[in-house]
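One structure is given here, and the rest of the page talks about it.
Every number here is computed from the coordinates shown, using simple stated rules; none is lab data. This is a predicted model, so every value here is computed, not measured. Heads up, the Cβs are rebuilt from the backbone with ideal geometry, glycines too, and the neighbour counts pull from every protein chain shown.
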Amino acid sequence: MTVRIGIVGVGSVGTSVAVSVLHSGIANEVLLHDIRTDRTVGEALDLEQGSSFYPTATVRAVAFDNLLDTDAVVLSAGRNGRPGETRLDLLKDNAVVAADLGRRLRGYRGVVVVVSNPVDILTRIVQEASALPKTRVIGTGTMLDTARLRQMLGAMLQLDPRVIHASVVGEHGDSQVVLWNSAHVGGRRLREWDAWDPADEPHIAARVRGAAGEIISRKGVTNHAIGLVTAALLRWLVRGERRILTVSRVQDGAFGLNDVALSLPCIVGANGAEQVIEPDTSPEELEAIRHSAEVLAAAHESVAPPT
Ligand SMILES: NC(=O)c1ccc[n+]([C@@H]2O[C@H](COP(=O)([O-])OP(=O)(O)OC[C@H]3O[C@@H](n4cnc5c(N)ncnc54)[C@H](O)[C@@H]3O)[C@@H](O)[C@H]2O)c1
């Protein structure tokens with residue numbers, strides 16, 4: 001079976017996604033599309049010339065319509081955040097691009113993975129504009145924030161990040177929520193871990209929340225971690241592994257939330273973000289998730305819904 005992955009928007013993020021996808025060996029064909037056509041042909045040639053060093057795959061720059069015959073398409077088109085700007089400030093410009101791409105994806109048979117920011121709002125805009133099932137339009141959401149949290153906790157506890165079961169949910173942005181209450185390590189609640197001090201939690205949550213801003217203030221973009229996150233999501237999707245991931249999708253009743261895209265733990269299988277899980281939360285965490293949904297709903301309202 002030939003697996004084709006499309007990437008729309010081949011800038012810093014799109015190229016990092018392409019490199020990670022090629023190394024992961026899940027795709028036989030990686031198809032790149034960007035309005036900067038010549039540059040994209042250059043990126044495809046550059047990536048393909050490294051083909052001795054990743055599992056067999058071809059890389060091509062294509063017209064948008066060629067992407068309609070792929071298994072998954074990544075949307076990383078649009079501009080990046082500027083220093084000092086929140087993700088919501090990006091909304092107006094990137095909403096126009098997302099709505100246009102969504103409309104062009106009507107009838108698409110694969111899974112759409114939205115990466116562009118603000119990712120939750122754009123996930124909803126793409127889902128609405130494309131009229132695809134809510135399960136098949138996934139935002140990377142707080143998968144990146146969860147990875148950042150696990151990396152930081154792993155470094156603190158001197159453990160591999162993969163054995164830290166702690167998640168960030170809600171908005172991929174300032175109103176995100178760390179689920180400290182249900183975090184556990186080795187079958188034990190994190191809060192009962194030797195030497196764990198709950199007084200450190202606000203500081204760690206702030207570091208996770210500010211991680212992108214710190215990187216952007218130093219190098220102008222974030223691209224490597226999101227490239228790895230997106231390639232992992234694609235690998236688990238295409239293989240139908242049914243992992244539980246904190247991805248964003250338009251909600252359909254979990255915690256009473258509807259018509260807002262945000263991240264909650266979700267079973268991700270071959271058909272996309274198939275089943276949302278309501279995690280155990282403290283009353284404060286549930287309140288914070290509801291607040292995150294309100295922030296996102298208000299931001300969505302603030303842009304005229306593109307038709
Ligand atoms: N979700 C996350 O965790 C996460 C992490 C990092 C970056 N991002 C977001 O990813 C997006 C891309 O970031 P970047 O650093 O690669 O930006 P970039 O400017 O380097 O690349 C964006 C690319 O999109 C292209 N583009 C714009 N409009 C297009 C259209 N209509 N069709 C096709 N291509 C189009 C541009 O030509 C450009 O090549 C930004 O919105 C950024 O905020 C998200």
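By counting other Cβ atoms within 10 Å of each Cβ, how are Lys219, Lys134 ranked from fewest to most?
Numbers: Lys219 11, Lys134 19.
Final ranking by Cβ density, sparse to dense: Lys219, Lys134.
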Would the chain count as rounded, prolate or oblate if I go by the C-alpha gyration tensor, calling it rounded below 1.5 in a/c and otherwise prolate when a/b exceeds b/c, oblate otherwise?
prolate
Cβ-based exposure ranking for Leu68, Leu262, Leu228, Leu132, in which fewest neighbours within 10 Å come first
Leu68, Leu228, Leu132, Leu262
If unit charges are put on Cβ atoms (+1 for Lys and Arg, -1 for Asp and Glu) and the dipole of the chain is taken about its Cα centre, the option from Leu157, Ile138, Gly25 lying farthest towards the positive end turns out to be Gly25
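Give the range of the longest stretch in the chain that excludes all GluC sites (Glu not before Pro) found in loop regions by DSSP and having at most 15 other beta-carbon atoms within 10 Å. Can you show the working numbers first?
Working: sites that count: Glu85, Glu241.
Segment 86-240 is the longest.
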Going by alpha carbons, how many degrees (0 to 90, nearest 10) lie between the helix axis of 283-302 and the longest principal axis of the chain?
40
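Restricting to the chain, what percent of DSSP beta bridges are antiparallel, rounded to 5? Kindly include the intermediate steps, with their values, before the conclusion.
Details: 21 of 41 bridges.
Bridges in the chain that DSSP calls antiparallel: roughly 50 percent.
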Helix 119-130 against the longest principal axis of the chain: what's the angle in degrees, Cα atoms only, rounded to the nearest 10?
50
Relative to the first principal axis of the alpha-carbon coordinates of the chain, what is the inclination of helix 224-238, with its axis defined by its Cα atoms, in degrees from 0 to 90 and to the nearest 10?
80
With a cut-off of at most 12 other beta carbons within 10 Å, and DSSP calling the residue loop, which trypsin sites (Lys or Arg not before Pro) in the range 72-116 qualify? Please list them.
Arg106, Arg109
Would you compute, from DSSP H runs of 4+ residues alone, the mean residue ellipticity of the chain at 222 nm, taking -39500 (n - 2.57) per run and dividing by the full residue count, rounded to the nearest 500?
-12500 deg cm²/dmol
How big is the range 4-139 by the Kirkwood estimate over distinct Cα pairs, in Å?
15.0
Put in order of increasing Cβ neighbours within 10 Å, starting from the fewest, Val268, Val303 give Val303, Val268
Apply the a/c threshold of 1.5 to the C-alpha gyration tensor of the range 143-301 and tell me whether it is rounded, prolate or oblate.
rounded
In debye to the nearest 20, how big a dipole does the range 4-139 give about its Cα centre with +1 on each Lys and Arg Cβ and -1 on each Asp and Glu Cβ?
400
Between Glu48 and Asp280, the FRET efficiency computed from the C-beta separation at R0 = 41 Å comes out, to the nearest 0.05, as 0.30
Would you please classify the overall shape of the range 207-256 from the alpha carbon gyration tensor, given that a ≥ b ≥ c denote the square roots of the eigenvalues, rounded means a/c under 1.5, and beyond that prolate means a/b larger than b/c while oblate covers the rest?
oblate
